[in-house]
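Quick notes on the structure that follows.
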Ligand SMILES: [Zn+2]
């Protein structure tokens with residue numbers, strides 16, 4: 001993936017669908033997901049050096065979109081609103097994943113986790129990525145991902 | 001907390017499938033991924049689904065804000081290149097040896113949910129966003145766009161420094177124009193500002209129902225504040241025309 005050879009518009013066409021899918025699954029809101037995706041690409045236009053070419057573009061984009069989605073969840077007053085609504089549901093549960101209420105609970109938990117852990121939680125719980133893949137996206141060791149994921153239930157309990 | 005998206009154990013993640021679709025995987029990874037998919041109906045279906053999504057998206061419109069010619073930054077340090085890029089985006093009509101500090105893009109690109117109008121100024125074949133409060137040079141050509149998540153009706157007025165009101169859109173109909181949900185959809189006109197320095201205001205009114213633009217124009221001319229009625233929002237953009 002050459003850094004500046006394609007235009008940002010071309011990158012948007014090629015990679016926009018996967019970025020939008022991710023943003024949708026994290027935010028659960030179509031309009032805000034579109035905003036995040038557009039903002040991510042617009043920021044690339046202004047600061048192309050963000051993508052340093054150290055990883056594949058898809059990998060970089062997964063991380064960049066996740067980061068923006070988490071900021072969006074934290075900002076815009078969603079934090080308080082989600083917390084009020086879902087604080088009780090945010091603790092670990094034993095059911096099978098995928099239900100909307102459960103995703104809402106995951107989002108409620110995400111906004112309260114430390115940034116790195118929140119990003120890992122998104123990749124693991126929402127994306128269903130392996131430890132190895134998360135390590136690649138975040139540029140850290142697989143072992144660190146494992147350790148941080150193990151600490152999640154403790155964080156969830158504390159937050160509760 | 002459970003994994004929200006459950007795929008069969010050992011199956012391909014969306015990241016791997018995305019990378020397969022856009023051709024990012026090297027030969028070895030590709031052979032491995034396709035080998036798995038050949039024996040797995042779940043992954044075969046998921047690959048088809050994501051490929052369909054990608055193709056549909058690629059065939060769709062690209063937001064106007066991303067339509068800028070490819071910029072090559074050669075022979076500049078990274079910091080200088082970044083400054084040059086910011087200057088191109090944010091200082092559409094000013095030039096000088098020292099670019100002024102520019103706001104972070106995140107702060108100025110509108111992301112609010114309400115219907116709104118965007119302005120883009122064209123210079124040297126490039127489009128840059130023009131934001132409320134910015135300065136423009138007389139004669140600049142500005143392309144308006146609109147963004148709305150709901151269908152509705154739109155009218156856009158201009159008010160010059162002397163308080164004269166002009167109906168920009170729709171130009172010659174007494175009623176507002178219907179608009180579909182869209183993001184940064186270019187409107188079928190552009191604005192060319194005359195050479196008189198001073199303030200130039202744009203007032204865009206979005207309503208759920210069609211409305212009488214002539215009545216609204218009279219109220220603007222009488223300097224009556226336009227308050228959004230039920231089901232309406234008003235977007236105001238102030239520009240400052242500088243002397244050339
Ligand atoms: Zn499979």
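We did not get these values from a lab; they are worked out from the coordinates using the rules stated. Because the structure is predicted, anything quoted here is derived from the model rather than measured. Here the Cβ is made from the backbone with ideal geometry for all residues, glycine too, and neighbour counts use every protein chain on show.
What distance in nm separates the two pseudo spin-label positions at residue A:151 and residue A:75, each 7 Å out from Cα along the beta-carbon direction? Output for this residue pair reads 2.7 nm. Over all residues in B:51-61, what is the mean tally of Cβ atoms on other chains that come within 10 Å of each residue's Cβ? Per-residue shielding by partner chains comes out at 4. Put a dot 7 Å past the Cα of residue B:34, heading toward its Cβ, do the same for residue B:192, and the two dots end up 5.6 nm apart. Does region B:14-59 classify as rounded, prolate or oblate by the C-alpha gyration tensor (a ≥ b ≥ c root eigenvalues; a/c under 1.5 gives rounded; else a/b over b/c gives prolate, otherwise oblate)? In terms of gyration-tensor shape, oblate.
Take A:72, A:130 and order them by how many other Cβ atoms sit within 10 Å, fewest up front. Don't jump to the answer; show the numbers that get you there.
Details: A:72 21, A:130 17.
The most exposed by this proxy come first: A:130, A:72.
Among A:35, B:18, the ranking by other beta carbons within 10 Å of each residue's beta carbon, starting with the fewest, stands as A:35, B:18. Using alpha-carbon positions, what is the distance between the centroids of region B:165-219 and region B:1-67, in Å? Taking the Cα centre of each part, region B:165-219 and region B:1-67 sit 43 Å apart.
To make sure I understand, if each residue's beta carbon is the centre and we count other beta carbons within 10 Å, what order do A:69, B:207, B:40 fall in, fewest to most? Could you put the intermediate results ahead of the total?
Values: A:69 27, B:207 20, B:40 16.
Listing A:69, B:207, B:40 from fewest to most nearby Cβ atoms yields B:40, B:207, A:69.
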